[in-house]
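Peer 1: Below: one structure in structure tokens.
The values are calculated or read from the model by the stated rules, or taken from the named source; none is laboratory data. In this text, all values refer to a predicted model and were calculated from it rather than measured experimentally. As a convention, Cβ positions derive from the backbone with ideal geometry for all residues, glycine included, and neighbour counts pool all protein chains shown. Ligands, DNA and RNA are excluded from the accessible area calculation, which covers all protein heavy atoms including side chains. Shrake-Rupley method; radii C 1.70, N 1.55, O 1.52, S 1.80 Å.
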Amino acid sequence: MKSQQPFTSAKSYVPPHSPFDPCPPIGRKYYSTPPNLYLGFQPSDLPQFSPADALRKGTLWKVFYDYYDNPYRKGAGKSRD
Amino acid sequence: MTKPLPKEYYKQLEEIQTADFVVMELMLYLDTHPTDQQAIGQYNQFSQYSKQLKRAFESQFGPLQQGSLNPSQTDWAWSESPWPWQV
């Protein structure tokens, strides 16, 4: 079974590469799974950011904040708050 | 290049952006949660706050939108640059 990594919103997989495929293998591909996927109908009275923070973070409710770092860029592993 | 704008212009504009962002978020939320009183209260509070900010901004720096009040009776302020999205 794959090792149990910590939960992250950036997921990845390696597409299978056939020996008959003329193109070079793509390697690892990344996709994002933002928090709203895991939260069905939004409950009321969720904790909120302050308005100024909300403008910077792009969402009013803390639970939906999803920092995105381009995984394809070198050294993009570190997640910033 | 037009004369540089005062810092106050940017500060108030950002304050308006913040208030409008909260209003927008709550509007989308209330579309799916029409009976959430707390959110409606917050929405009204921020919507009123945003109108207040815009009134103060426009009296000081000119119209924000095409439909805004023209500050002077003699010349048409809207065609003067810069427009709010150009700053």
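Peer 1: What is the ratio of the Cα radius of gyration of chain B to 2.2 N^0.38 Å, where N is its residue count, to two decimals? Mind dumping the intermediate values first?
Peer 2: Values: Rg = 15.6 Å, N = 87, 2.2 N^0.38 = 12.0 Å.
For chain B, the normalised Cα radius of gyration comes out at 1.30.
Peer 1: Relative to the Cα centre, what is the charge dipole magnitude of the protein assembly as shown, using +1 at the beta carbon of each Lys and Arg, -1 at the beta carbon of each Asp and Glu, and rounding to the nearest 20 debye? Spell out each step's value before the answer.
Peer 2: Numbers: 17 positive and 16 negative charges, 169 e Å.
Rounded to the nearest 20 debye, it is 820 debye.
Peer 1: Give the separation of the Cα centroids, the range A:31-66 to the range B:20-79, in Å.
Peer 2: A separation of 23 Å, based on Cα centres.
Peer 1: Estimate for me the total accessible surface buried between chains A and B (protein heavy atoms, probe 1.4 Å, no ligands or nucleic acids), in Å² to the nearest 100. Show your work: numbers first, answer last.
Peer 2: Values: alone 7050 and 6650 Å², together 12530 Å².
Chain pair A/B: roughly 1200 Å² of buried accessible area.
Peer 1: Among residues other than A:Pro16 whose Cβ falls under 15 Å from its Cβ, what is the net charge (Lys/Arg +1, Asp/Glu -1)?
Peer 2: Details: positive: A:Arg28, A:Lys29; negative: A:Asp21.
The answer is +1.
Peer 1: Just for the Cα atoms in the protein assembly as shown, what are the lengths along the principal axes, largest first, rounded to whole Å?
Peer 2: Taking max minus min along each principal axis of the Cα atoms, the protein assembly as shown gives 77, 47, 26 Å.
Peer 1: If you take the charge dipole of the protein assembly as shown about its Cα centre, with +1 on Lys and Arg Cβ and -1 on Asp and Glu Cβ, which of A:Pro15, B:Ser50, B:Pro6 is farthest toward its positive end?
Peer 2: Highest projection toward the positive end goes to A:Pro15.
Peer 1: To continue, here is another question. Taking just the alpha carbons, could you work out the radius of gyration and Dmax for the range B:7-57, both in angstroms?
Peer 2: So, for the range B:7-57, Rg and Dmax equal 12.2, 41 Å respectively.
Peer 1: What do the square roots of 5 times the Cα gyration tensor eigenvalues come to for chain A, in whole Å, largest first, as semi-axes of the equivalent ellipsoid?
Peer 2: Values: eigenvalues 226, 49, 25 Å².
Each semi-axis is √(5λ); the values are 34, 16, 11 Å.
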